[in-house]
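J.: Could you have a look at this structure, given as structure tokens, before my questions?
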Amino acid sequence: MIILVINCGSSSIKYQLLDMKNDDVYSLLAKGIVEKIGLECGRLQHTPAGKEKVVKDLPVPDHTVGMQIVLDALIDKDRGVLKSFDDIEAVGHRIVQGADFFSGSAIVDEDVIKKIDFCCDFAPLHNPAHLLGIRACQEVLPSVPQVVTFDTAFHQTMPPYAYMYGLPYEYYDKYHIRRYGAHGTSHQFVAKKGAEMVGLDLNNSRIITCHIGNGSSITAIVNGKSIDTSMGLTPLEGLVMGTRCGDVDANAVLYMMKKENLTPDQMYDIVNKKSGFLGVSQKTSDARELDELANNGHRQAKLVLKMLTFQMIKYIGAYTAEMNGVDAIFFTGGIGEHNSRLRRRVCENFTYLGLAFDYEANTAWGVDTVISLPDSKVKVALVTTDEELVIARDTMHLVQSMDE
């Protein structure tokens, strides 16, 4: 089954085209991104399998035009990989926020769209863009079934005592305010793949997955099910991130608003877009640039990197206690897969659990690698994530079930 996987941002469309034979036999036909949608000049970057990358600057006024550009690239006579649009059998979309409406992927219909729309308040930077992508595909590929996969779905197995906040219960009843988490597609994939790498039975295991990137979250997983996660109602809660503050006393926010005479929207921008690595360092949100600054003695760059390390240690320690132990810790995401120093500093704090760290293996960069020694009581691995593959698999299964 040929499946187009779409990840829509507010001004971009990332895509992959996969030929899925089954869960384990598949091939990537093409991937790319349409960016700068709505600006004066947009850009297409298209990489077909076995062919050179194509980069084009062209007008992209909206997401419908962007989707048409994606499809045109896929059937281009020189750089395309399909004979016609009819070759596309299904479309799968990544959706950041599905609240407690969805515990798994779903076939797109108007009811599903209404629920995604309801969740826009919980993910105002993401869900509106996802809806634009769905509508654009409906216009350009009207007869092709669409599936949505939710970042929040994997965390629907959390018990109420883990997902509820200590706020008046009426706000949960009225507004669905609770912890939902994020990166669930990645945490689920990495837990399963990592367990296979280190020889664990996923259904009899205690695993902590660390998805560390510009956005970061950590999840406690027992027997393949999420029982707790660091992100909350929105992707703001938890670890310090690229531009997000992470955990903060709510009264600190109120105090700042009073002192600076800030509106809720202005405060939203501060905690979501001007905090984290960027806010503390006052230089950059990019972890690679922070490393360089820290190596050159920049005090605030050193500080925020130590904050991230400390917070990761704290969450891993807490989740180990929650699960009454831990069998494996897995690192993934842009930083998790590529920052050996961070992995080392985190793992060196868990020798008391019998974690024996493999310093030589830890030099790996972006490749699946076990980074604990054979006699380690806690297995540790760098595990590359593949959220698009999860979306493609779910899409294939749901579309096949429509025909049964």
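The values are calculated or read from the model by the stated rules, or taken from the named source; none is laboratory data. What you are looking at is a predicted structure, and each value in this text was computed from that prediction instead of being measured. Every residue, glycine as well, gets a Cβ built from its backbone with ideal geometry; the counts of neighbours run over all protein chains shown.
J.: Looking at GLY92, GLY98, GLY80, which is the one that is in the same structural domain as ILE13 (by TED's automatic domain parsing), part of a loop (DSSP other than H, G, I, E, B) and closer than 17 Å to VAL147 by Cβ?
T.: Of the residues listed, the single one that is in the same structural domain as ILE13 (by TED's automatic domain parsing), part of a loop (DSSP other than H, G, I, E, B) and closer than 17 Å to VAL147 by Cβ is GLY98.
J.: A further question follows. Just for the range 347-366: of the residues that are more than 28 Å from the chain's Cα centre (by Cα) and in a helix (DSSP H, G or I), which one is surrounded by the fewest Cβ atoms within 10 Å (Cβ to Cβ)?
T.: That would be TYR352.
J.: In the range 102-111, how many are assigned to a loop (DSSP other than H, G, I, E, B), crowded, with 16+ Cβ neighbours inside 10 Å and within 19 Å of the chain's Cα centre (by Cα)?
T.: Count: 2.
J.: For the range 112-214, which fully contained helices (runs of 4 or more DSSP H) count at least 1 residues that are basic (Lys, Arg) and either under 24 Å from GLU35 (Cα atoms) or touching a His at 6+ places or on another chain (Cβ under 9 Å) (or both)?
T.: Where helices (runs of 4 or more DSSP H) fall fully within the range 112-214 and carry at least 1 residues being basic (Lys, Arg) and either under 24 Å from GLU35 (Cα atoms) or touching a His at 6+ places or on another chain (Cβ under 9 Å) (or both), they are 127-140.
J.: Spot the failing condition for LYS83; the list is (1) surrounded by 15 or more Cβ atoms within 10 Å (Cβ to Cβ); (2) over 22 Å from the mean Cα position of the chain (by Cα), and only one is missed.
T.: Evaluating LYS83 over (1) surrounded by 15 or more Cβ atoms within 10 Å (Cβ to Cβ); (2) over 22 Å from the mean Cα position of the chain (by Cα) leaves (1) as the failure.
J.: Let me ask another. Could we say that LEU262 is within 29 Å of THR332 (Cβ to Cβ), assigned by TED's automatic domain parsing to the domain that holds GLY325 and surrounded by fewer than 22 Cβ atoms within 10 Å (Cβ to Cβ) here?
T.: No; evaluated as a whole, the condition is false for this residue.
J.: Would you confirm whether or not the range 242-251 contains a residue that is out of contact with any helix residue (DSSP H, G or I) (no Cβ under 8 Å at 6 or more places or on another chain), assigned by TED's automatic domain parsing to the domain that holds ARG343, of a type in the set (Gly, Ala, Ser) and farther than 20 Å from LYS377 by Cα?
T.: Taking every residue of the range 242-251 in turn, at least one turns out to be out of contact with any helix residue (DSSP H, G or I) (no Cβ under 8 Å at 6 or more places or on another chain), assigned by TED's automatic domain parsing to the domain that holds ARG343, of a type in the set (Gly, Ala, Ser) and farther than 20 Å from LYS377 by Cα.
J.: Any residue at all in the range 59-76 that's under 28 Å from THR185 (Cα atoms), in the same structural domain as SER11 (by TED's automatic domain parsing) and in a strand (DSSP E or B)?
T.: no
J.: Would you point out the residue of the range 138-171, among those that are more than 23 Å from the chain's Cα centre (by Cα) and among the aliphatic types (A, V, I, L, M), that is surrounded by the fewest Cβ atoms within 10 Å (Cβ to Cβ)?
T.: Looking at the filtered set, the residue picked out is LEU167.
J.: Counting just the residues of the range 23-48 that are in a loop (DSSP other than H, G, I, E, B) and either modelled with pLDDT of 95 or more or more than 25 Å from the chain's Cα centre (by Cα) (or both), which one comes out surrounded by the most Cβ atoms within 10 Å (Cβ to Cβ)?
T.: Within the range 23-48, the match that is surrounded by the most Cβ atoms within 10 Å (Cβ to Cβ) is LEU39.
J.: Please enumerate the residues belonging to the range 386-404 that are under 18 Å from the mean Cα position of the chain (by Cα) and farther than 23 Å from THR332 by Cβ.
T.: none
J.: Sort through PRO235, PRO264 and tell me the only one that's at pLDDT below 95 and either within 27 Å of LYS193 (Cα to Cα) or over 18 Å from the mean Cα position of the chain (by Cα) (or both).
T.: Sole residue among the options that is at pLDDT below 95 and either within 27 Å of LYS193 (Cα to Cα) or over 18 Å from the mean Cα position of the chain (by Cα) (or both): PRO235.
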